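Novice: One structure, as structure tokens, below. Some questions next.
The numbers here are math on the coordinates, done by the rules we state, and not lab data. Remember, predicted model here, so these are calculated numbers, not experimental data. Don't worry about glycine lacking a Cβ; one is built from the backbone with ideal geometry, like all the others, and counts go over all protein chains shown.
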Amino acid sequence: MSKWLVFLAIVVVVGTCVEAQEPAIISRAGWKANRSVGDGKRHKIEFITIHHTATKQRTNRPIETKLRNLQAFSQREDKLASGKTKPAWFDVPYHYYIAVDGKIAEGREIEYAGDTNTDYDPTGHALIVLEGSFDTEQPTVAQIESLKAMVNWLAKKYKVGGEKIKGHRDYAETGCPGSNLEKLLPELRKIVG
Ligand SMILES: [Zn+2]
């Protein structure tokens, strides 16, 4: 083999190791998203932050319906359980949603910063939400596999180090993402290295 072929082989091998494979993601068109409303704030991803929906896992509802419902709630002004009123948001507050069956859907387009009802600035954060209320429920095996694949892919794509992969409650006064999900964070950081 010539030196050039050896060089080329090394480039290909290194390239494949650096780029993690993109998991199967249902696009916004795939769940028939409405358009975003108003102006989004553009940002650059530096962090990956994990959330739970804080709602009960539903195995009998398709992910497309869950996303449409979440978008409808997100884009209108509404009263929260806390008594606070949330404003109408640009779009779904999170960038990726992982349903109880492990299916992944695109939320807000990742080039736009997310939204929150809590006191932190989500600019620069890639926001992943898992369906469930993880102080009482458990993430399913399928959800955990999808979460690992997503974190691995996003971390490599945006060069996010393990120390910047955290849960919502590392930034704000909240129970999110629930203790049963939070305890998986060290393992997620290890995948990234
Ligand atoms: Zn959260």
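Novice: May I ask you to derive the relative contact order of the stretch 84-193, considering only C-alpha pairs under 8 Å and at least 6 residues apart, and to give it as an integer percent? Each step should come with its number before you reach the end.
Specialist: Details: 151 pairs, mean separation 27.4, N = 110.
25 percent.
Novice: Still on this structure, please answer the following. Please return the longest stretch of the chain lacking exposed loop sites, where GluC sites (Glu not before Pro) count only if DSSP places them in a loop and at most 13 other Cβ atoms lie within 10 Å.
Specialist: 112-172
Novice: What percent of all Cα-Cα pairs in the stretch 22-192 falls in each 10 Å bin, counting up from 0?
Specialist: Calculated P(r), rounded to whole percents: 10, 42, 40, 8.
Novice: I would also like to ask the following. Mind sorting Arg58, Arg42, Arg35 by how few other Cβ atoms lie within 10 Å of their own Cβ, fewest first?
Specialist: Arg35, Arg42, Arg58
Novice: Using θ = phi - 60° and the Karplus curve 6.51 cos²θ - 1.76 cosθ + 1.60, what whole-Hz ³J(HN,Hα) does each residue of the stretch 130-136 get, with Gly and Pro shown as x?
Specialist: 10, 5, x, 10, 8, 8, 10
Novice: Roughly how far apart, in whole Å, are the Cα centres of the stretch 128-162 and the stretch 32-82?
Specialist: 16
Novice: The stretch 141-193: which trypsin sites (Lys or Arg not before Pro) are DSSP loop and have at most 14 other beta-carbon atoms within 10 angstrom?
Specialist: Of the trypsin sites (Lys or Arg not before Pro), the ones in loops of the stretch 141-193 whose Cβ has at most 14 other Cβ atoms within 10 Å are Lys159, Lys183.
Novice: Another one. Suppose a student asked you for the relative contact order of the chain, using Cα pairs under 8 Å spaced at least 6 residues apart; what percent would you report? Please list the in-between numbers first.
Specialist: Details: 344 pairs, mean separation 53.4, N = 193.
So the answer I get is 28 percent.
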